[in-house]
1. For Ser531, which of the numbered conditions (1) in a helix (DSSP H, G or I); (2) within 21 Å of the chain's Cα centre (by Cα) fails to hold?
2. Take the residues in region 140-181 that are open to solvent by 80 Å² or more (accessible area, probe 1.4 Å), in a strand (DSSP E or B) and of a type outside the set (A, V, I, L, M), then tell me which one is modelled with the lowest pLDDT.
3. Condition check: part of a helix (DSSP H, G or I), modelled with pLDDT under 90 and either within 17 Å of the chain's Cα centre (by Cα) or closer than 16 Å to Phe518 by Cβ (or both). Does Cys543 satisfy that?
4. Checking Ser444 against (1) assigned to a loop (DSSP other than H, G, I, E, B); (2) open to solvent by 30 Å² or more (accessible area, probe 1.4 Å); (3) among the polar types (S, T, N, Q), which single condition isn't satisfied?
5. List the pairs whose first member sits in region 537-550 and is touching a residue at least 24 places away in the same chain (Cβ under 8 Å), whose second member is surrounded by 19 or more Cβ atoms within 10 Å (Cβ to Cβ) and of a type in the set (Asp, Glu), and whose Cβ atoms are under 8 Å apart, counting only residues at least 6 apart or on separate chains?
6. Take Tyr183 and decide whether it is in contact with an Asp or Glu (Cβ under 6 Å, 6 or more places away or on another chain) and aromatic (Phe, Trp, Tyr).
7. May I ask you to list pairs of residues, at least six apart or on different chains, whose Cβ atoms are under 7 Å apart, with the first in region 436-462 being without any contact (Cβ under 8 Å) to a residue 12 or more places away in the chain and farther than 18 Å from Arg97 by Cα and the second being among the hydrophobic types (A, V, I, L, M, F, W, C) and open to solvent by less than 50 Å² (accessible area, probe 1.4 Å)?
Amino acid sequence: MQLQSHAPSGATLLISLLALPQLTSAFYLPGVAPTSYKQDDAVPLYVNAIRPVGDADSVLHSVLSWDYYHPTFQFCAPEGGGQPVGESLGSILFGDRIKTSAFELKMKHNETCKKQCEVTYGKNAAQFVNQQIQEGVSLNWLVDGLPAGQKTIDVLSDTEFTNPGFLLGEQLDDGRIKFNNHYDIVIEYHEVNGNNGQYRVVGVIVQPESRKYTGEIGPDTCNTAPDIVELSETGDTKVRFTYSVYWIESTTAWATRWDKYLHVYDPKIQWFSLINSSVIVIFLVLTVMSVLVRALKKDIARYNRLDQINLDDLSGTSVLEDGVQEDSGWKLVHGDVFRNPSHPLLLSVFLGNGTQLFVMAGFTIAFALLGFLSPSNRGSLGTIMVLLYTVLGFVGGYTSARMYKSLHGEKWKLNIILTPLLVPGIVFAVFFLLDLFLWAEESSGAVPFTTMLVLIFIWFLISVPLSFAGSWLAFRAPAIEPPVRTNQIPRQIPPVTTYLKPIPSMLLVGLLPFGAIFVELYFIMTSIWFSRIYYMFGFLFLCYGLMIITCAAVTVLLVYFLLCAENYNWQWRAFLAAGTSGGYIFLNALIYWVTKLSLSGFAGSVLYIGYSALISFLFFILTGTIGYFASWLFVRKIYSSIKID
């Protein structure tokens, strides 16, 4: 396909991924690796994919992105066509398609109304372009790594910031659709301190205009073209593209040039959400601690006192035992609480992959929090996530095999194989199917087939062997023995109250971890679908911690109530109840789809729902793993604290 021909080769990507020292050196903080120019030096302007950003009412009508040199748009290309610029794996996966352009920029050299090219739009092309304008797509350029954008004022905070990208056109109040064919490019620069004659780019603003030219184009023509360009959907329309370049000296330092892009639309909402979640989590944890510590301390003391009475062969034992049985029932299931759950193989595989996701998410957020994933290094977030998940295959294999052995599983070969293949295989299969929709729509967001092959190659070359090595070490290690013996005959489970039944308990437990990240999830979703820069990793780090604590606390509380109700089937209940947070994330995505999106095509809806389901599935495994291990540690702790004959 045409899209594949513009992508870097698979060998190039593989070499770039395996060269870890070179890769890690690219994760620079803003202000570490500046590029200086002399006067009249060429400053490259690169073009990126054309992406939807929503209409004037902040409603998104499409999730499809397009190659800048898509034949229907007919933008002016340099001689020989736009050539791809080297991109990282994360940049490709997130839809960047950066290429050279026909714009000629020279440091401190102004240009006025410079002609680029003249093209003719047929009626079919006009219909397509007008539809994209109505759906609110934006052009994305890069100058010295900075995205070209437009100055915007946030009405809530009354602050000015630069919004990356600028509109392809605009639908006027009278219903006419204007097409922007002239660009005023304003570039801010400053002189390097102590190095005269060296300049650096610190800001890029583009003001698009629609100007219908009738005669020859000269330096003053752009200011004397009052009519707008409208692409006719019934005939041919000739359009001439022009641009002007203005260099303005600025006091902005190179190290802080990204500050104008990193805008929080309403920081009060995030702070309020964080404080609210913190209060809820503190209240929840204190409640759980007070209930469990007081109840367990009392229970353990009474159980141990009862055992001591039995040992001393004193009278009155049966009365106390009956009292204990009526008061609390978690000791009554000590002979069944570590009974192997159903489908231990699937549970262990999920736990291994969940641990892998947990460690990967923690490291990624920590790296981003420390500033190593600079927005100037495009795709660094996606690249580090893929690399971390690949390298952490050892952790996933070890955890899965260790838990499977403790559950007395017998299909150890199948466990070794499924741990690195099942969950990644599901993710890759869904991702590939969704990519087929992008290929069918000729969207630039489609990941090239060569990149898919590279992902498979890295998966089987690095992740799978590391997972096998972790599983091999785990199976060689001694099994984790339970603190109490398991009876041969299972105990009958009495009926439970409504809130302890599977579905009600899952809905209750999964809601609280989701509530801890709900607001931050909204900003992340907006960043993904509306092509905005997300950088509030400090908030994300705190929300991630709150989510972990909440998930662990409510799952432990559920397991305690289950054991008191003499229900010893806690393993899958703990995993599924905590994992229900992923279901709430998918439900939230559907509500977001209804309220914030107005996707016009079937492919766009399938892509949005598919990617949302994929994210929710991974979150289900992540939170389920957190809930399981918190409950596992809790159960081992309480049953190792009592004396069992």
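The values are calculated or read from the model by the stated rules, or taken from the named source; none is laboratory data. If you're wondering where the values come from, they're calculated on a predicted model, not measured in any experiment. Cβ atoms come from the backbone with ideal geometry, glycine included; neighbour counts cover every protein chain shown. Just so you know, the surface numbers come from the protein's heavy atoms only, side chains and all, with ligands and any DNA or RNA stripped out. Shrake-Rupley method; radii C 1.70, N 1.55, O 1.52, S 1.80 Å.
1. Of everything listed in (1) in a helix (DSSP H, G or I); (2) within 21 Å of the chain's Cα centre (by Cα), Ser531 misses just condition (1).
2. My answer is Glu160.
3. yes
4. Tallying (1) assigned to a loop (DSSP other than H, G, I, E, B); (2) open to solvent by 30 Å² or more (accessible area, probe 1.4 Å); (3) among the polar types (S, T, N, Q), Ser444 fails exactly one: (2).
5. Here the result reads Phe539/Glu520; Leu540/Glu520; Cys543/Glu520, each pair linking region 537-550 to a residue that is surrounded by 19 or more Cβ atoms within 10 Å (Cβ to Cβ) and of a type in the set (Asp, Glu).
6. On the way: in contact with an Asp or Glu (Cβ under 6 Å, 6 or more places away or on another chain): no; aromatic (Phe, Trp, Tyr): yes.
Taking the combined requirement at face value, the residue does not satisfy it.
7. Listed by first residue and then by second, the contacts come to nothing, as the list is empty.
Per-residue answers, yes or no, for (1) crowded, with 17+ Cβ neighbours inside 10 Å; (2) in a strand (DSSP E or B); (3) modelled with pLDDT under 90:
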| position | (1), (2), (3) |
| --- | --- |
| Ala77 | yes, no, no |
| Gly86 | no, no, yes |
| Ser91 | yes, no, yes |
| Ser138 | yes, yes, no |
